[in-house]
Amino acid sequence: MAPVTKTLRKLLNAMRGSLRDLMPIFLVIVFFQFAVLQQPLPNPGEMLLGLVFVVLGLTFFMHGLEQGLFPIGESMATAFARKGSLFWLMVFAFCLGFGTTVAEPALIAVAAEAADVASAGKMIDDSATAREEYADGLRYSVAVAVGLAIVIGVLRILRGWPLQWLIIGGYLLVVVMTVFAPEEIIGIAYDSGGVTTSTITVPLVTALGVGLASSIRGRNPMIDGFGLIALASLTPIIFVMAYGMLI
């Protein structure tokens, strides 16, 4: 019974935290709805039920991260560091970045929307097959970019490379590519950099960086363990603009 009680206590604490985090959003909506628009809430019952679902979903999501994904990522990073095989560590880093990005719901939504807009704008054929191929090409381009970003981030941790020079160099390349990339792809490219670092990618990648930095002598988890997400947000912009130039 003790483990069950401990788990329930953690869930209740997480639920209180979710309510506290969502309260400012709720208050903003209520204030503008009644004080500015001066209109009643549409379908208050459905909105209240939706708020309950959001609180429960956020609670279980955060509890699942703390109990499952973070420990898995840190333990696997530690195991690979102790194994001492650079090749398998790089393969694992790439597959982790690629796999989490392909499964990212936000990226799937953005890729599908981009395909619809490209079809409506006559950039691609107006057919389901063309839209699916365009969306898949966009998703896999971003996934490869994130996989390579995680590999570069892991090498940075191992070699002690300064993060700021990688970021500065990457964004200088982004600025140059923005000048030459098709206008239709620039916005999608910048948005792709944001949606990749979402619910699935961030927990595992962060745990990988922190676990790896904690396992290597001379590395500070606070200084060296973070920064992978910044690289994972940067490289998709470059790859999607390159994809747009080619397509």
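The values are calculated or read from the model by the stated rules, or taken from the named source; none is laboratory data. Owing to the predicted nature of the structure, the values given are computational and were not obtained by experimental measurement. Positions of Cβ are generated from backbone atoms using ideal geometry, with glycine treated the same way; all protein chains shown enter the neighbour counts. All accessible areas refer to the heavy atoms of the entire protein, side chains included, with ligands and DNA or RNA removed. Shrake-Rupley method; radii C 1.70, N 1.55, O 1.52, S 1.80 Å.
Applying the selection to the range 91-143, what residues are of a type in the set (Lys, Arg) and assigned to a helix (DSSP H, G or I)?
Matches in the range 91-143: ARG131, ARG139.
What is the residue count in the range 222-234 for residues that are touching a residue at least 12 places away in the same chain (Cβ under 8 Å), open to solvent by 20 Å² or more (accessible area, probe 1.4 Å) and assigned to a helix (DSSP H, G or I)?
Restricting attention to the range 222-234, the residues satisfying the condition of being touching a residue at least 12 places away in the same chain (Cβ under 8 Å) are 224-234.
With open to solvent by 20 Å² or more (accessible area, probe 1.4 Å) added as a condition, the list becomes 224, 226, 229-230, 233.
Now restrict to residues that are assigned to a helix (DSSP H, G or I): 224, 229-230, 233.
Result for the range 222-234: 4.
Name, by its number, the condition in (1) surrounded by fewer than 14 Cβ atoms within 10 Å (Cβ to Cβ); (2) modelled with pLDDT of 85 or more that does not hold for PHE94.
Against the list (1) surrounded by fewer than 14 Cβ atoms within 10 Å (Cβ to Cβ); (2) modelled with pLDDT of 85 or more, PHE94 comes up short only on (1).
Applying the selection to the range 37-89, what residues are open to solvent by 60 Å² or more (accessible area, probe 1.4 Å) and among the hydroxyl-bearing types (Ser, Thr, Tyr)?
Correct list: SER75 only.
Could you check the range 111-137 and list, in sequence order, the residues that are among the aliphatic types (A, V, I, L, M), at pLDDT 85 or above and open to solvent by 40 Å² or more (accessible area, probe 1.4 Å)?
ALA112
So which pairs qualify, if the first residue must be in the range 46-61 and under 19 Å from ILE200 (Cβ atoms), the second must be surrounded by 14 or more Cβ atoms within 10 Å (Cβ to Cβ), the Cβ gap must be under 6 Å, and the two must be at least 6 apart or on different chains?
Once the first residue is under 19 Å from ILE200 (Cβ atoms) and sits in the range 46-61, its partners that are surrounded by 14 or more Cβ atoms within 10 Å (Cβ to Cβ) give LEU58/SER18; THR59/ALA14; THR59/MET15; THR59/SER18.
Tell me whether the range 196-214 contains one or more residues that are closer than 16 Å to GLU104 by Cβ, modelled with pLDDT of 90 or more and crowded, with 16+ Cβ neighbours inside 10 Å.
The answer is no; no qualifying residue exists.
Do we have any residue at all in the range 26-33 that's open to solvent by less than 70 Å² (accessible area, probe 1.4 Å), at pLDDT 80 or above and part of a helix (DSSP H, G or I)? Before the answer, list the steps.
Keep residues of the range 26-33 that are open to solvent by less than 70 Å² (accessible area, probe 1.4 Å), which gives 30, 33.
Now restrict to residues that are at pLDDT 80 or above: 30, 33.
In the following step, the residues that additionally are part of a helix (DSSP H, G or I) were identified as 30, 33.
Scanning the range 26-33, I find at least one residue that is open to solvent by less than 70 Å² (accessible area, probe 1.4 Å), at pLDDT 80 or above and part of a helix (DSSP H, G or I), so the answer is yes.
Scan the range 31-66 residue by residue and report those that are farther than 21 Å from LEU12 by Cβ and within 30 Å of the chain's Cα centre (by Cα).
Filtering the range 31-66 down to residues farther than 21 Å from LEU12 by Cβ leaves 31-47, 50.
Selection gives GLU46, MET47, GLY50.
Answer yes if at least one residue in the range 35-50 is closer than 23 Å to SER198 by Cβ and either part of a helix (DSSP H, G or I) or at pLDDT below 75 (or both), and no otherwise.
Start the filter on the range 35-50 by keeping residues that are closer than 23 Å to SER198 by Cβ, which leaves 50.
If we keep only those that are either part of a helix (DSSP H, G or I) or at pLDDT below 75 (or both) too, we end up with 50.
Yes, there is a match, as at least one residue in the range 35-50 is closer than 23 Å to SER198 by Cβ and either part of a helix (DSSP H, G or I) or at pLDDT below 75 (or both).
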